[in-house]
Amino acid sequence: ISDNDGIVWIGAGNGLFSFDGKNFRKYLVAADNNSNKVVSLFIDYENSLWLGTHSGLYRFRGEGFVSFGPEEGLASNFVFGITEDQKGNIWACSEANGIYKYDGKTFTQIDRSRGLASSKANACVTMPNGEIFVGTDRGLSVISPDGSIRNYHRRDGLHSDTVNVIITDRQGRIWLGGGKGVTKFESGVFTPYYIHLKKNIAFDVWTMLEDSRGLFWVGTYTGGLFTFDGKNFADATERVGVDVDSYFGISEDNYGHIYFGTLDGVFIYKGKVIDTILQRDGLNSELVYCQLIDKNSQYIWIGTNQGLNRFDADHYARTKEKSIYAFGKEEGFTGVESNTNGAFIARDGTIWFGTVNGLIKFSPSEFRRNHAYTKTNITGFRLFYNDTTLPPDALLPYFENNISFEYVGICLTNPAKVRYKYMLEGFEDKWSPPTAERVARYSNLPPGTFTFKVISSNNEGLWNNQPAEYSFTIETPVWKRPWFWLLIAASAVVLLSASVFLRIHQIKKRERIQTEAQVAMARNELKALRAQMNPHFVFNSLNSIQHFILTNKTADAGRYLNKFARLMRVILNNSEKSQITVSEELEYLRLYLELEEMRFENKFTWHITVDEDVDADFIEIPAMLLQPYIENSILHGLTPRKEKGSLDVTVRLDGNTLVCSVIDNGIGRDKARELRQLSTRKDHLSLGMKITHDRLELINRLHGSQLSVAITDLFDEQHHAAGTRVDIFIPVT
């Protein structure tokens, strides 16, 4: 079978073969024999080759990524630092098996048993003289071209026996980074330099870079970031402006941007941190373990715990746009998690990566790009989250306005990387942000005609320009149609006319009731006036005046007559008013109490108390409201006492309520009731209390007020009657 590039593919019983017109090339499908028994081949529209074998189905897109593990002779899966010697051999450091040399066919292991300082190798660099410097957890090993090994330790001048990173500067000096510092190696002499932290913690140097200005950057694990001038370290946290404690990669592009790889993503620095590269930008993880910039300074390769990323540094410098291509298992990067310092570019342009699953080789020329557009389809509908089928140009009732669309973009190379953009014409005017969601939901759509459109991109971000579409209409409800509103308007006119007529009738009825109530109010007030002006009070007052005259107490008679005249004038003046001020009511009560005190020859004492917060000249109350209760206290409570009694009148504010209290220490209501029943003089029974009660009810009903009276019997410690308390509650507006 022939693919789109003109390559002929042949399936055989011992593997897969290709023929480019000149040469044959053999590929092993997998390690087992059954997988290499190819029985069928197919080329899809994305130019992927599908193989049917005796052990299952495989897809092949060339050898962009080639993995090396135990089956290829690499015993340790954990690979760290990588270098290339002068003969083109690849050297790879491993966690537990020393360092491996790969000559293109086989791996040769060099570990502690062959003279290496330790079988845990972290970093390696090839020197101009052909020597390989290998950093381990027990010192530095130098492998000569003849295979001999020299080892150096802390006692030989290293800052630490742990060597995690090795670089050379522009002057040819070698710098080793490891536990708590770095070592300079120049002219066969080791010079250690130590980093002193303010807090005592364990930390290691894992990455170093000499930037274009000659300044050294030193990144540590748990210790932070430092600059190094060749002699002294300076904490770079404030200079960079990022408070991060672990750095595993530092790179610089041709535009002066320095990229710091951390466990919190990548920070882009140019005099200060100007940007970040995070998962929301397309990075497959923010746990960055290694970085590498290619020879042309176009791409920054970023290895994380979730795969490999290629960041277009050249495009970013020119446009400030972040272009990231992520490689995972679907693209052939089977290592998944990268290791520190595990990235290297060979002279032939191939890029090698050290991962937790072996050594991986990437050949850019072998990597097949996917230039095929996805095939986008609308696959289903939901109305209020219920699956349904809809015909083309469906007409939906107004209440079925919660609709969801299901869709799919077919990309055989890597379905997980398909992204979608959609819009609802007639409701939206721009495409949605790219999303991996395969359902678009719209709720409470208004009436109208709409067209749903969706496009998708393939695994490399190539968007198709022909959207999948579906049109539908939501009906206008009855109450939003013109004829309906004409009917509503006509009905409204009829209802308005009826309501106006009814309202007029209600107003007339209320006015009639109010007039009747006012008449009744006036009658009650006249009753109250007559009750206060009772003949006994006038008769007794005149008898008292006569008594004062006959007994030659002319001065007392004059005073009494004067007070009586003033009281009559006040009563007559107040009888014309429905409301009077508190001060006017108290003036009347003082005159009344003075006359009663003289009349009963000091049978009782009285006091009137007004709280300071009561504005007696402003607050108004119903006229002649308190006198009947005071008269009742004097006649039925105090005068029957053998001893001299007392009467207290208090006025106070309780919130928005005026409380007027009449308190006596008379014989009590029960005793007074008993005396009245025994008395034959029924004419002494005062009607003032009954009239006042009727007045209160009438006022409340007429004005919607809440005047009320509470009468409380008072008792002493032996529970004997000790008087009566009357509280009148008048809301203040």
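The values are calculated or read from the model by the stated rules, or taken from the named source; none is laboratory data. Here the structure is a predicted model, which means the values were calculated and not measured. All Cβ positions, glycine included, derive from the backbone under ideal geometry; neighbour counts span all protein chains shown. Ligands, DNA and RNA are stripped out before the accessible areas are found, and what is left, the full protein with its side chains, is counted by its heavy atoms. Shrake-Rupley method; radii C 1.70, N 1.55, O 1.52, S 1.80 Å.
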- Item | Relative contact order (percent, whole number), the stretch 230-328, Cα cutoff 8 Å, 6+ residue spacing | 19 percent
- What spacing in nm lies between the two simple spin-label points modelled at Ala565 and Asp275, each 7 Å away from Cα in the Cβ direction? 10.7 nm
- Query: Given a 1.4 Å probe, how much area per residue of the chain is accessible, in Å²?
  - Reply: 51 Å²
- Under a point-charge model restricted to the Cβ atoms of Lys and Arg (+1) and Asp and Glu (-1), what is the dipole moment magnitude of the chain relative to its Cα centre, in debye to the nearest 20? 1300 debye
- Toward the positive end of the charge dipole of the chain, about the Cα centre and with charges on Cβ (Lys, Arg +1; Asp, Glu -1), which of Asn122, Gly448, Gly81 goes farthest? Gly448
- Normalised by the number of residues in the chain, what is the relative contact order in percent for Cα pairs under 8 Å and 6+ residues apart? 6 percent
- Within the stretch 257-273, which residues have the backbone N less than 11 Å from the label spot 7 Å out from Arg213 along Cα→beta-carbon, could you tell me? 270-272
- Item | Projected label distance in nm at Phe42 and Lys105, using a 7 Å step from Cα toward the beta-carbon | 3.8 nm
- Spin-label pair Lys199/Lys87, simplified geometry with 7 Å Cα→Cβ offset, distance in nm: 5.0 nm
- Query: Per-residue accessible area for Glu428 at 1.4 Å probe radius, Å² rounded to 10?
  - Reply: 60 Å²
- Message: At 1.4 Å probe size, with the rest of the protein present, what percent of the exposed accessible area of the chain is carbon and sulfur atoms?
- Response: 51 percent
- To the nearest 20 debye, what is the magnitude of the charge dipole of the stretch 1-79 about its Cα centre, counting +1 on the Cβ of each Lys and Arg and -1 on the Cβ of each Asp and Glu? 180 debye
- Report Rg(Cα)/(2.2 N^0.38 Å) for the stretch 135-218, keeping two decimals. 1.11
- Evaluate E = 1/(1 + (r/R0)^6) for His505 and Asp670, where r is the Cβ-Cβ distance and R0 equals 41 Å; express this FRET efficiency to the nearest 0.05. 0.20
- Which whole number of Å³ per residue matches the convex hull of the alpha-carbon atoms in the stretch 163-267? 97 Å³
- Message: Need the full-extension length gain, Asn465 to Glu601, defined as separation in residues times 0.36 nm minus the C-alpha distance. One decimal, nm.
- Response: 37.6 nm
- In deg cm²/dmol and to the nearest 500, what is the mean residue ellipticity at 222 nm of the chain if only DSSP H runs of at least 4 residues count, each as -39500 (n - 2.57), divided by the residue total? -7000 deg cm²/dmol
- Here the longest stretch of the chain that holds no chymotrypsin sites (Phe, Trp or Tyr not before Pro) in a DSSP loop having at most 15 other beta carbon atoms within 10 Å is 46-254
- For the stretch 299-378, the dipole about the Cα centre with charges only on Cβ (Lys and Arg +1, Asp and Glu -1), to the nearest 20 debye, works out at 180 debye
- Query: Roughly what % of DSSP beta bridges within the chain run antiparallel, to the nearest 5?
  - Reply: 95 percent
- Item | Relative counts (whole %) of C-alpha pair distances in the stretch 60-191, using bins that are 10 Å wide | 13, 45, 30, 10, 2, 0
- Taking 0.36 nm per residue of separation between Arg441 and Glu238 and subtracting their Cα-Cα distance, the length gained on full extension comes to 68.4 nm
- Would you mind calculating the relative contact order of the stretch 304-346 from Cα pairs under 8 angstrom and at least 6 residues apart, reporting the percent as a whole number? 44 percent
- Query: Rg/Rh for the chain: what does it come to with C-alpha atoms and Rh from Kirkwood?
  - Reply: 1.43
- Provide the net charge surrounding Ile300, with neighbours chosen by a C-beta distance below 9 Å and charges set as Lys +1, Arg +1, Asp -1, Glu -1. -2
- Message: Can you list the DSSP H helices in the chain whose Cα atoms extend at least 18 Å along the helix axis and whose mean Kyte-Doolittle hydropathy is 0.0 or higher?
- Response: 482-532, 535-550
- Task: Would you mind getting me the FRET efficiency between Ser646 and Val493? Use the beta-carbon distance for r and R0 = 56 Å, nearest 0.05.
- Result: 0.20
- Query: Say the cut-off is 20 Å between C-alpha atoms; which of Lys329/Lys421; Lys329/Lys361; Lys375/Lys453; Lys26/Lys295; Lys270/Lys361 go over it?
  - Reply: Lys329/Lys421; Lys26/Lys295; Lys270/Lys361
